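Here the structure comes first, spelled out in structure tokens, and everything after it is commentary.
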Amino acid sequence: MSFARAYKCMACGHEKEYRNNETVYVCEKCGQNLEIIYDYAEAAKAINRKSLADNTDMSLWRYSALYPLENGTMRTPLQAGWTPLYKAERLGRKFGHEKVWIKDEGRNPSGSFKDRAGSIALSAAIERKAKRIAGASTGNAGSSMACLCASVGISPVIFVPCKAPKAKIAQLLLYGAKVIAVNGTYDQAFDLCHDACEKYGWFNRNTGYNPLTREGKKSCSMEICEQMGWEVPDWVIVPVGDGNIISGIWKGFLDLYRTGLTDRLPKLCAVQSEKSNAVKKSIEASSISDIKIVNIEASTIADSISVDLPRDGIGAVKAVIESKGVCIEVSDEKILEAIRTAAETTGVFTEPAGATSIAGFEKLAASGILKENETAVCLATGNGLKDIDSALKAAGSPILIEPSVENLQGII
Ligand SMILES: *Cc1c(COP(=O)(O)O)cnc(C)c1O
Ligand SMILES: [Zn+2]
């Protein structure tokens, strides 16, 4: 049984009753994104700190009482979620702030945070008897959907910009998705997927547009609290493109709070590339009662956060303003440098978008906004092997020698 009660519009607040097996995307009044709200008092009877301590399911399904799904719906057998959270002392020392942790989302089945959204979307699509699942992606959301679908014998249709990193395209093809490489941007692929879903009646997994993506992504916040012994961190530092991760992170902390599992909320630090900063610009143009989403022309090396029009922009702006957080931007050079910093100081190898949170941490610590006694969690949102061309730009070259031990003289 699901405790989901209603869909609530992120823009106009209009509510629509939640019904099992009904696929709902956007607000019937104004066309904006919806969030799912629950009967939190009832949910609290099914999930609490004690029930979680006794729960041996080390995946995002630990929190199934707070998903809009029935019991017994088919789930991916792959382990999404419950990724490791490491105390990152050397990283912290490097930037003069030791109370920092890194959450390695690259450990998810397809190597990125997107498996959280995809796991919930997949079960929902099956529950709602979808004909076919489709989605648009800069690369990770698609390869995630393809991976999870493969685990239950389904082939989705995935739209990606033809310039997506090779590893992500390889994943998509190998998992058996129908891959449509669009000669255009992610934003164009997104709109094309939307039109195709309307035309053919497919289930659309598109980020933000489908309210289930946020519901899956919120699981990360629940894990952070549980892994920190129910100490809510002061800050969570989040790479932002479409804004759906940060919106999901905020929803996760809110849902924990509303269910009585926690008694406080963190501040969120959104981090964007200077070359893909639509959310930052939107926050600057907005107040909480008047949110304006700005469209830019993105060009960052961090492909996973290269977005012209943030598809969960309202959710992202709200997450930052409501949490009393900040949005900062970092250069692409700093992002590349942060890939190395994360790898060298923590052993976590993350793709450019993932390293954006590390670059953001450096800037937040230096700015003094992050206070000495405050804790911070950086999300390393995707695996470093997903974009080797960018990693090599940060890596430099090895020492080349002839194969004799004498040649090591003076080198080591
Ligand atoms: C999708 C993605 C992001 C950004 O998430 P948004 O919801 O688009 O803000 C960050 N890092 C990685 C690795 C991603 O795949
Ligand atoms: Zn509305």
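The values are calculated or read from the model by the stated rules, or taken from the named source; none is laboratory data. As the structure is a prediction and not an experimental result, all values here were calculated from the model. Cβ sites come from the backbone with ideal geometry, for glycine too, and all protein chains shown count toward neighbours. We work out accessible area using only protein heavy atoms, side chains counted, and drop any ligands, DNA or RNA first. Shrake-Rupley method; radii C 1.70, N 1.55, O 1.52, S 1.80 Å.
Per-structure values
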| item | result |
| --- | --- |
| Sole exception among (1) closer than 24 Å to A380 by Cβ; (2) touching a helix residue (DSSP H, G or I) at 6+ places or on another chain (Cβ under 9 Å); (3) within 16 Å of ligand 1 (Cβ to nearest atom) for R107, by number | (2) |
| Top-ranked residue of segment 56-77 - restricted to ones that are open to solvent by 60 Å² or more (accessible area, probe 1.4 Å) and of a type in the set (A, V, I, L, M, F, W, C), ranked as farthest from I126 (Cα to Cα) | M58 |
| Unique residue being under 23 Å from the mean Cα position of the chain (by Cα) and either open to solvent by 50 Å² or more (accessible area, probe 1.4 Å) or within 16 Å of ligand 1 (Cβ to nearest atom) (or both) when the list is A366, A359 | A359 |
| Positions within segment 268-326 being polar (S, T, N, Q) and within 21 Å of D187 (Cβ to Cβ), in sequence order | Q272, S273, S276, N277, S282, S286, N295, S299, T300, S304, S306 |
| Qualifying position, being at positive phi and more than 16 Å from ligand 2 (Cβ to nearest atom), among G92, G81, G106, G142 | G81 |
| Scan of segment 311-324 for residues that are part of a loop (DSSP other than H, G, I, E, B) and open to solvent by 20 Å² or more (accessible area, probe 1.4 Å), ordered by number | R311, K324 |
| Neighbours by Cβ (under 9 Å, 6+ apart or cross-chain): first from segment 25-45, under 15 Å from G216 (Cα atoms) and of a type in the set (A, V, I, L, M, F, W, C); second within 16 Å of ligand 1 (Cβ to nearest atom) and open to solvent by less than 40 Å² (accessible area, probe 1.4 Å) | L34/M10; L34/P211; I36/P211; I36/L212; I36/R214; I36/E215; I36/K251 |
| Scan of segment 213-231 for residues that are open to solvent by less than 10 Å² (accessible area, probe 1.4 Å) and either aromatic (F, W, Y) or away from ligand 2 (no atom under 16 Å from the Cβ) (or both), ordered by number | T213, E215, G216, K217, K218, S219, C220, S221, M222, E223, I224, C225 |
| Any hit, segment 259-266, residues being open to solvent by less than 10 Å² (accessible area, probe 1.4 Å), within 16 Å of ligand 1 (Cβ to nearest atom) and at pLDDT 95 or above | no |
| Criterion (open to solvent by 20 Å² or more (accessible area, probe 1.4 Å), of a type in the set (V, I, T) and in contact (Cβ under 8 Å) with a residue 24 or more places away in the chain) met by exactly one of I120, I126, I133 | I126 |
| Any pair with Cβ under 6 angstrom, 6 or more apart, that starts in segment 283-298 at a residue that is on the phi > 0 side of the Ramachandran plot and ends at one that is open to solvent by 70 Å² or more (accessible area, probe 1.4 Å) and assigned to a loop (DSSP other than H, G, I, E, B) | none |
| Residue tally, condition acidic (D, E) and assigned to a loop (DSSP other than H, G, I, E, B), over segment 7-31 | 2 |
| Scan of segment 148-169 for residues that are more than 22 Å from T300 (Cβ to Cβ), out of contact with any helix residue (DSSP H, G or I) (no Cβ under 8 Å at 6 or more places or on another chain) and not in a loop (DSSP other than H, G, I, E, B), ordered by number | A150 |
| Sole exception among (1) more than 30 Å from A342 (Cα to Cα); (2) of a type in the set (G, A, S); (3) within 16 Å of ligand 1 (Cβ to nearest atom) for G72, by number | (3) |
| Segment 139-188: number of residues that are in contact with a Pro (Cβ under 7 Å, 6 or more places away or on another chain), of a type in the set (S, T, Y) and either within 15 Å of ligand 1 (Cβ to nearest atom) or open to solvent by 40 Å² or more (accessible area, probe 1.4 Å) (or both) | 2 |
| Exclusive hit being at pLDDT 95 or above, part of a loop (DSSP other than H, G, I, E, B) and open to solvent by less than 10 Å² (accessible area, probe 1.4 Å), set V377, V348 | V348 |
| Per-region count, segment 387-412, residues surrounded by 10 or more Cβ atoms within 10 Å (Cβ to Cβ), hydroxyl-bearing (S, T, Y) and farther than 14 Å from T350 by Cβ | 0 |
| Any hit, segment 189-200, residues being outside any helix (DSSP H, G or I), of a type outside the set (V, I, T), modelled with pLDDT of 95 or more and open to solvent by 10 Å² or more (accessible area, probe 1.4 Å) | no |
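For (1) under 24 Å from K131 (Cα atoms); (2) within 16 Å of ligand 1 (Cβ to nearest atom); (3) at pLDDT below 95; (4) open to solvent by less than 50 Å² (accessible area, probe 1.4 Å), each residue gets a yes or a no:
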site: A4; (1), (2), (3), (4): yes, no, no, yes
site: C9; (1), (2), (3), (4): no, no, no, yes
site: H14; (1), (2), (3), (4): no, no, no, yes
site: V24; (1), (2), (3), (4): yes, no, no, yes
site: K29; (1), (2), (3), (4): no, no, no, no
site: I37; (1), (2), (3), (4): no, no, no, yes
site: Y40; (1), (2), (3), (4): no, no, no, yes
site: A43; (1), (2), (3), (4): no, no, no, yes
